[in-house]
Structures are given as structure tokens and as C-alpha cells.
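Take a look at the structure set out below.
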Amino acid sequence: MADLSALIICFSLLLYLLLDGTDLGVGILFFWFHEDQQRELMTHSILPVWDANETWLVLAAGGLLALFPPVYSMLLSELSAPLFIMLLALVVRAMALEYRAQSSSRLRHWLDRVMASSSALATFLQGWCAGMIISAQPQTGLPDGLSLVPLISGAGLMAVYSLLACCWIGWRIGDRVQPLAEMQSWLWWLLALLIFLAELYLNAEIWQQSWQRPLGKVAGVAIVSLWILLPLALWRARPLLQLIVTLLLIAAVFSGLLCGLYPWLVPYQFAISQSASPPVTQGFVLVGAAIAMPLTLLYHSWSFWIERRGK
């Protein structure tokens, strides 16, 4: 049952990466898309769906508290400042997004800067926190915050989110952003690939363990294939295909990483079975998740349908 509980939390985190990662990437792209009409269209492409996307982060955090309280306690104590800043950045991003349409032209430009900065900060800190967790050591626990793995993990997540956003706006908006989105896609793809190779080198032990497991081998083959397929999709200039391939690539990398980390939630600190709540608690929470997660998916699908109608 503990493995199922961990799987539920990982599934919520994956959906958050895939969905809200696109929204945060759109905010980051405000640094390079300067025309008011472009920014207006980019904002409208995510307005109906961003709040539903963030629900998955809430489900993951709540599930971690209920199902693995020692892990939640350790992460909240060790990473309290960056987690607070990340959540504050998400709130500020939401405020800039929601109030943009009701603001004057001068204030709107400031809100656009706030949205870009808060999106970049939240993204970097998410990647930084992930890098801190996966590079934990047996004797010292979490590494120093200025060590290489957390820093490049933050930069890598910014590149991946920006690539997702380029594919998204190219598909949802089209010709009015397509030329710059195509150029940006190549840049972010190359940067993401270089950082991924660096992560492979720096976390070689995790990926070696992943390759020793059948699911890890499947994920590894998928990762290599999708890294090759993505530039072909970029070259053919098909935004929807680019978006699908990028989403699958993120899912494959996430799955491969989980295979390498298993059975640890935090490497060498907390194993899944040892840090899980009592079976009664897990059963109660899993029943709730079986109800809440399909409803969340339904709400997200409805929001996306509304967004498509308003294109």
C-alpha cells in the first residue's frame, strides 16, 4: 500500500509539471515577447486553465503530509525558505495574471514584468528543490544550496518549461507568435539537452540503478528516442507534435528518475515503507484520492474545452 501511496503523489507531481509547467513557461517567455498583442494572446491562452493546473501541486503536498509525514516534516524544515518563496512567487504570478486585463497600459507593463520574474523564480526554485532532494547523501543529508546539482536543476527546469510554452503558444496562437516561438524552441531544446546530459553525469548512480530495472530500461529507451524525435518535430514546424513529444519526454525522464530513486523518497534518508503512515490512514487517504483526482481531471478537461472554444 505504501508503494501505491507514493505512486499517487508522484502522479500528482508529474501532472503538475506537465500542466502548470506550461503556464509558468508562458510567463517566462514574457522576457522575450514584447508586443502587447502577443502578450495579450499568450495570457488568454492560459487564463482558463492555470488555476486547475495548480490543483495538482496542492494534492501532492497534502498527500505527502497525510501519507508520509516524516518526509513532509523534513522537507518543510530543511527547505522552508525556498518553498515559502516559491509559493509566494506563484501567488504573485497569479495576481499579475488575473489583474492584467483590468489595468491601465502603464500598470500592465509592470504586471508583465512581475509575471515574468515571478514565473522564472518559481520555476527555478522548483528545480532547485528537486536537485536538493535527489542529491542527498547518506551521511550529510541534503547538500549545500550552492552545490552544482540544485543550481543546474533549477536552470534545466526553466529551459524545459520555456520549451513547453513555445510549443503551447505555437499551437494555440499560431502565426502571430510562430516565428519567434520556433526560434526560441530550438534554443530551449539545446539548453535543456545540455543540462540533461550534465545531470546524467552528475547523478550517474541514480540512472545506473534505473537502467537495471525493466521499467527503467523502457524509460531510458523512450528518453533517447524522444530527444531525437523532438528536433525532427521542430524542423517540421508542427507545434502540436512538438508539444506532445515534449510532454512525453518530461514524463519519460520523470519515470526514469523514479526508477533510479526507488525505494527512496529522499535518497538514503527516507524509504517508502519506513516513512509511510499507518495502513488505516493510507487507506482513508487513497479512497479520498480515488474521488478527488478524477474530479480534478474532469474539471481540468472542462477548463481546457472552454479555452479551446474561446481560441
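The values are calculated or read from the model by the stated rules, or taken from the named source; none is laboratory data. In this text, all values refer to a predicted model and were calculated from it rather than measured experimentally. Every residue, glycine as well, gets a Cβ built from its backbone with ideal geometry; the counts of neighbours run over all protein chains shown. Accessible surface areas use protein heavy atoms only, side chains included; no ligands, DNA or RNA. Shrake-Rupley method; radii C 1.70, N 1.55, O 1.52, S 1.80 Å.
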Helix 279-309 versus the longest principal axis of the chain: what is the Cα-based angle in degrees, 0 to 90, to the nearest 10? 10
Starting from 0.36 nm per residue, how many nanometres of slack lie between Glu35 and Thr140 once their C-alpha separation is accounted for? 32.9 nm
I'd like the Kirkwood hydrodynamic radius of region 139-266, using the inverse of the mean 1/r over distinct C-alpha pairs, in Å. 15.5
Which label marks the calculated value of Rg/Rh (Cα atoms, Kirkwood Rh), given the options (1) 0.94; (2) 1.08; (3) 0.96? (3)
Distance in Å, no decimals, from the C-alpha centre of region 207-267 to the one of region 120-183 is 15
Expressed per residue, the solvent accessible area of the chain in Å² (1.4 Å probe) is about 49
For a quick check of your reading of the filter: which trypsin sites (Lys or Arg not before Pro) in region 159-266 sit in a DSSP loop and have no more than 16 other Cβ atoms within 10 Å? Arg176
Given +1 on the Cβ of Lys and Arg, -1 on the Cβ of Asp and Glu, and no further charges, what dipole in debye does the chain carry about its Cα centre, rounded to the nearest 20? 580
Mind listing which GluC sites (Glu not before Pro) in region 39-95 are in a DSSP loop and have 11 or fewer other Cβ atoms within 10 Å? none
With all protein chains present, region 201-311 has a carbon and sulfur share of its accessible area (1.4 Å probe) in percent of 71
Of Gln139, Gln178, Gln37, which is the most mobile in a GNM of the chain whose springs link Cα atoms less than 10 angstrom apart? Gln139
At a 1.4 Å probe, what is the % contribution of carbon and sulfur to the accessible area of region 44-161? 71
Angle, helix 36-46 long axis vs. longest principal axis of the chain, Cα atoms, 0 to 90°, nearest 10? 40
Test of understanding: express the Cα radius of gyration of region 200-298 as a ratio to 2.2 N^0.38 Å, with N the residue count. 1.39
Leu297 and Val224 label points (each 7 Å along its Cα→Cβ direction) are spaced in nm at 3.1
Please give the calculated 222 nm ellipticity per residue for the chain, where each DSSP H segment of at least 4 residues contributes -39500 (n - 2.57) and the sum is spread over every residue; nearest 500 deg cm²/dmol? -28500 deg cm²/dmol
By how many degrees, between 0 and 90 and to the nearest 10, does the Cα long axis of helix 105-134 differ from the longest principal axis of the chain? 20
